[in-house]
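Engineer: Have a look at the structure that comes next, please.
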Amino acid sequence: MAAASVPKGGAFGRLLNLGMLVGGFGLGQGSIFLAQTYLVAKNDSALLALFGTHFSFAMLAIIMVEAGSLTVMARQVAKTAFLHEGRSDVWRAYWEITLFRLTMAALVLSAALASLFLFDLAPFSRNYLLYALPGILIWAFNAAGFLDGLQKSGIGGLTGSIAYLASAIALVLASGQTPEMAGMMTGLALTIGYLATVAIQLAALAVAGWRPCLVRPSASGIRQAFIEEGSMLAGLMPGQLYFRVQLAIANAFLGTEATALLVYAKQIVGAASQVAGFARRVEFPRLVAAVMETPHLSVRAMLLIQKASFAIAIVLFAGIALGGVLAGNVLDGFARNAWVFLGFFAITIVSEAIGQALVQGLFARGLYHFAAIARITAVSVAVLLAYGMVMLLGINSFILADLVSHAIVISLSLIWLRRHVHVGSAN
């Protein structure tokens, strides 16, 4: 049985991966933005609203199917390589994780098909659903986490933009078409995009010497995959719902303008946090290897491995905060309010970077359930705090809520990581 091997990947390799991740993110999100801008220029608000709503729910379905397997598979690959286990062990883990993803895809497909039969859906909705559903199923076979574990996360990042790019092209071509045709074109584009994505990812593995092969999953591996993936999903979904709940609170108590300010600030802060997150993604295999080599690795050492993400977060925070100060002295009206609020909100980029770096430490140790508990607790408290303080603090209540949620994640993660380090030292 051939032993698994992972490229060492020096600083240049990590920088290249980071650049490819950021480039893929910009290409994907940028293409959607340009396509939507084109619809705005054509005054095609109906298609813009329809596509935006359906694409958002499609991405939610993709996240449910993915269920955090990007992290779980990356850890498994890095761990198996460190232990010098066979390649068949890695592929067995892939198929065990894929069984969980197929289960989630089946649940999503069942709910979608039930809605087709039970409800009289609009023509766009019906066709988008029919033609996008195969893409949700195809995504269950993605190899992004596999590539991450091999320190080839940049390839995963670039391929991740394909479905966005395909959807953007279809959206432009669909303008002026009937709702039925527009739904079919944009839904089919999503499926084609994910088919191309998975095919290229598997081809990239083959080129790297990891030719895809079928390995029978083990009962214990399937059970472990369902436990770990279930824990990851439990930790991910509250965060996906959190922003939507915040918008509902803002709209109900503060009105349209405040809601628009929140949307604007959250989009920019979210993008900045995601860029910092790319650095953590690149460093994750090194973090797993360090934990495997030194079971009692200190929290400080874990954070130092992820120092690039802190540097990026601080730079982005400083740039956005400075923009808020300048805008406050130059602009007026809504634009001034938006940038001033954004300038204050930007501090959450740093607090989230700290919290997520500690969560990565939990992931590296395989403590997925503790990470889920921390995230669920943080989101629950943040929602209650925002709801309770919105009339007193106005829109600033959402800044406070985010900071408190990050503080909870930081505190709980530190407790569990230090406890685990002490246990490891005792052993």
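The values are calculated or read from the model by the stated rules, or taken from the named source; none is laboratory data. Keep in mind the model is a prediction, meaning the values are calculated, not measured. Heads up, the Cβs are rebuilt from the backbone with ideal geometry, glycines too, and the neighbour counts pull from every protein chain shown. For accessibility, only protein heavy atoms count, side chains too; no ligands or nucleic acids. Shrake-Rupley method; radii C 1.70, N 1.55, O 1.52, S 1.80 Å.
Engineer: Can you give me the accessible area per residue for the stretch 324-427, using a 1.4 Å probe, in Å²?
Structural biologist: Ligands and nucleic acids excluded, the figure is 45 Å² per residue.
Engineer: Please say if the stretch 77-234 is rounded, prolate or oblate, where rounded means a/c under 1.5 for a ≥ b ≥ c the square roots of the C-alpha gyration tensor eigenvalues, and otherwise the choice is prolate for a/b larger than b/c and oblate otherwise? All intermediate terms of the calculation are to be shown ahead of the outcome.
Structural biologist: Working: a/c = 3.21, a/b = 1.68, b/c = 1.91.
Note, shape of the stretch 77-234 comes out oblate.
Engineer: Can you give the extra length, in nm with one decimal, that the chain gains between Ala122 and Ala196 once fully stretched, where that is 0.36 nm per residue apart less the Cα-Cα distance? Can you show the working numbers first?
Structural biologist: Values: separation 74, 0.36 × 74 = 26.64 nm, distance 2.86 nm.
23.8 nm is the gain from fully extending Ala122 to Ala196.
Engineer: Counting only residues 5 or more places away or on other chains, whose amide H sits under 5 Å from the amide H of Gly86 once H atoms are built in the peptide plane?
Structural biologist: Ala4
Engineer: Ratio of the stretch 1-152's C-alpha Rg to 2.2 N^0.38 Å, to two decimals? Numbers along the way, then the final one.
Structural biologist: Details: Rg = 19.4 Å, N = 152, 2.2 N^0.38 = 14.8 Å.
The stretch 1-152 yields a ratio of 1.31.
Engineer: Rolling a 1.4 angstrom probe over the protein heavy atoms, how many square angstrom per residue are accessible across the stretch 1-140?
Structural biologist: Numbers: 6540 Å² over 140 residues.
It amounts to 47 Å² per residue over the stretch 1-140.
Engineer: Shifting gears a bit: In whole angstrom, how far apart do the alpha carbon centroids of the stretch 367-395 and the stretch 94-145 sit?
Structural biologist: Here the two parts' Cα centres lie 30 Å apart.
Engineer: Could you state the number of Å between the C-alpha centres of the stretch 158-176 and the stretch 254-291?
Structural biologist: For the stretch 254-291 versus the stretch 158-176, the Cα centre distance is 23 Å.
Engineer: Report the rotationally averaged projected area of the chain based on its alpha-carbon convex hull, in square nanometres.
Structural biologist: Values: hull surface 86.8 nm².
About 21.7 nm², averaged over all directions.
Engineer: Would you mind getting the Kirkwood hydrodynamic radius of the stretch 251-345 from its Cα pairs, rounded to one decimal in Å?
Structural biologist: Numbers: mean 1/r = 0.0648 Å⁻¹.
One over the average 1/r among Cα pairs gives 15.4 Å for the stretch 251-345.
Engineer: Whenever you get a sec, compute what percent of the accessible area on the chain sits on carbon and sulfur atoms (1.4 Å probe). Walk me through the numbers on the way to the answer.
Structural biologist: Values: 13240 of 18890 Å².
Of all accessible area on the chain, carbon and sulfur atoms account for 70 percent.
Engineer: Next up: Could you work out how far apart the two model spin labels at Ile376 and Ala206 are, taking each label as a point 7 Å from the Cα in the direction of the beta carbon, and quote it in nm?
Structural biologist: Each label point is offset 7 Å from its Cα along the Cβ direction, giving 4.2 nm.
Engineer: Using 0.36 nm per residue of separation minus the Cα-Cα distance, give me the extension gain between Glu257 and Val315 in nm, one decimal. List each step's numbers first, then the result.
Structural biologist: Details: separation 58, 0.36 × 58 = 20.88 nm, distance 2.87 nm.
Length difference between fully extended and current span is 18.0 nm.
Engineer: Skip the ligands, DNA and RNA, and give the accessible area per residue of the stretch 168-214 with a 1.4 Å probe, whole Å².
Structural biologist: Numbers: 2160 Å² over 47 residues.
Heavy-atom SASA per residue in the stretch 168-214 reads 46 Å².
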